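Only one structure is covered here, and it is reproduced in the block below.
Bear in mind these aren't lab numbers, they're just calculated from the coordinates by the rules spelled out. Small disclaimer: the values here were computed from a predicted structure and weren't measured. Every residue, glycine among them, receives a Cβ derived from its backbone with ideal geometry; neighbour counts consider all protein chains shown.
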Amino acid sequence: MIQSMTAFATARGGHADQAWVWEMRGVNGKGFDLRLRLPDWIEGLESGLRARLDRALTRGNVSLTLKLQSDAPGGAITLDRASLDTVLHAMTEVESRAMAAGVSLAPANAADILALRGVLDTGAGDADTGDLARALLADFETVLAGFIAMRQSEGATLAAVLSGQIDEIARLTDEAAALIATRSEDIARTHRAALGRVIEAADGVDPDRIAQELALLAVKLDVTEEIDRLRAHIGAARDLIANGSPVGRKLDFLTQEFNREANTLCSKAQHAGLTMIGLALKTVIDQMREQVQNVE
């Protein structure tokens, strides 16, 4: 089963005096880009999450946020004024340099500043966080399962759309193959008429030379190989969808090959009907390529 790169999952949990909310989002990406927003005082949490995500996902831009809230008595949050002064001084320097370089920065609000490391002291840094980290990692498995389930559901929809587009490419390819015989007769008739005009207008024309030129032209206009390669790509695309993710990059490469053959078919057509089929192929292939960008 193929998977989409687009998904969303959220969940709530708790352990001892801690309550939390997970939020996980995924969108399209050329590679695998993972961004984590986690409390930095929970030892082993980030490495554990990265290991799980690296095993489960291969492609996409994924962001994971964890918000913690403590119900422990005496856990008052205090402002570290020295750290705040340092941050504000750094922000002033960054803004000055950006202004000098002609770069416009979005203004930061108080919540952004308070979220920076060291500005708020929760008093959690001295506590043993091993139990909490294990509880969070265990709870995260449910979040990850929901995220993957949504990817698979989206992937099933993508597979149906892509299969329909491949069927349409196959239909147009068969239509092009059936039209070749009629096209060959039309081209031969046109060439015979042109040849008659050339012989009438020119003295001493070498018939063998004319025959050679006509044979070369026929070879240049032959689209049998393009039809055969289109059929081979159709079979490969169907196999990839049946085999399942991760196949996004391979499908993207195949759409490029599909487009190459459709372009050649159009350039060699010399026939209105075959040209229309080639253009229809290019339209379907372009639509397919847009959908393939969502596949892991």
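The distance between label points at M276 and D222 comes to 2.8 nm (points 7 Å beyond Cα on the Cα→Cβ vector). Full extension of the chain between A106 and I180 yields a length gain of 20.6 nm, computed as 0.36 nm times the residue separation minus the alpha carbon distance. Applying a DSSP loop filter and a limit of 14 other Cβ atoms within 10 Å to the trypsin sites (Lys or Arg not before Pro) in segment 2-74 leaves K30.
Quick one: plug the Kirkwood hydrodynamic radius of segment 78-121 (C-alpha pairs) into Stokes-Einstein at 10 °C, 1.306 mPa s, and report D in µm²/s.
In µm²/s, the coefficient is 142.
For the pair V27 and D128, the difference between a 0.36 nm per residue extended length and the Cα-Cα distance amounts to 32.8 nm. Loop-located trypsin sites (Lys or Arg not before Pro) in segment 93-165 (DSSP state other than H, G, I, E, B) with a sparse environment of at most 15 neighbouring Cβ atoms within 10 Å: R117.
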